[in-house]
1. Lys and Arg at +1, Asp and Glu at -1: add these up for the other residues within a Cβ distance under 13 Å of residue 23 and post the number.
2. Could you tally the net charge around residue 53, taking each other residue with its Cβ under 11 Å from the Cβ of residue 53, Lys/Arg +1 and Asp/Glu -1?
3. Spin-label point model (7 Å from Cα, Cβ direction): what's the residue 21 to residue 126 distance in nm?
4. Count charges around residue 160 for me, please; just the other residues with Cβ under 13 Å from its Cβ, Lys/Arg as +1, Asp/Glu as -1.
5. Going by average Cβ density within 10 Å per residue, which order do the peptides 122-128, 10-16 take, highest to lowest?
6. Only loop residues by DSSP count here, and only those with at most 12 other Cβ atoms within 10 Å; note down the chymotrypsin sites (Phe, Trp or Tyr not before Pro) in the range 117-160 that meet that.
Amino acid sequence: MKALWIALIVIVVVVLMIGGWLINGLNHVVRLDEAVNSAWAQIDNQLQRRNDLIPNLVNTVKGYAAQEKDVFLKVTELRSQWGKANTQAEKMENANQMSGALGRLLLVAENYPQLKSNQNFLALQSQLEGTENRIAVERMRYNRDVKVFNAYRRTVFGSIFASMRGLTQPREYFEVDESVKAVPAVKF
């Protein structure tokens, strides 16, 4: 009788350990997925901040550089596309194009010395540069979380837990578009 109780206790302990391991594994993959979602939300937040600053910067520069219409039109067009983007992929593409357009906008400003001394422009430029830095940091954090999630999803038990939670697709990295990597030409 005593042996039966010991065997029963051992079985219960083993079942509880396996159950605990299973629950922990299922919860871990969800925590990793939520970390990726949270990191994306921070990127989204910073991109929205940038899009809120752009009209002020464009209007300030536009007053000094009316002949540079194509740059302003592109920035305005990309800003409106941001609001229409529904998926992460569309927002990533728009963000990469916007980075390139803003780089050209700041180069326009370099050609107008009186603009560089305008306090409004300097404040907006500083805000925009700070936002770009924040976006870069958030991109790095997002890509780090995507790496952790994708790596866990590819492990033996991670793939089992991910499939049990319906998280079988790898998450996309936020990569910089090739056109943004090109060094802009500065002409005086």
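Just so you know, all these numbers are worked out from the coordinates, no wet-lab data involved. A quick note: this is a predicted structure, and the numbers were derived from the prediction, not measured. Note that we place each Cβ from the backbone using ideal geometry, even for glycine, and neighbour counts take in every protein chain shown.
1. Counting the neighbours of residue 23, the net charge comes to +2.
2. 0
3. Going from the residue 21 label point to the residue 126 one covers 5.8 nm.
4. +3
5. Values: 122-128: 16.1, 10-16: 10.0.
Top of the packing list down: 122-128, 10-16.
6. Listed in order of number, the matching sites amount to none.
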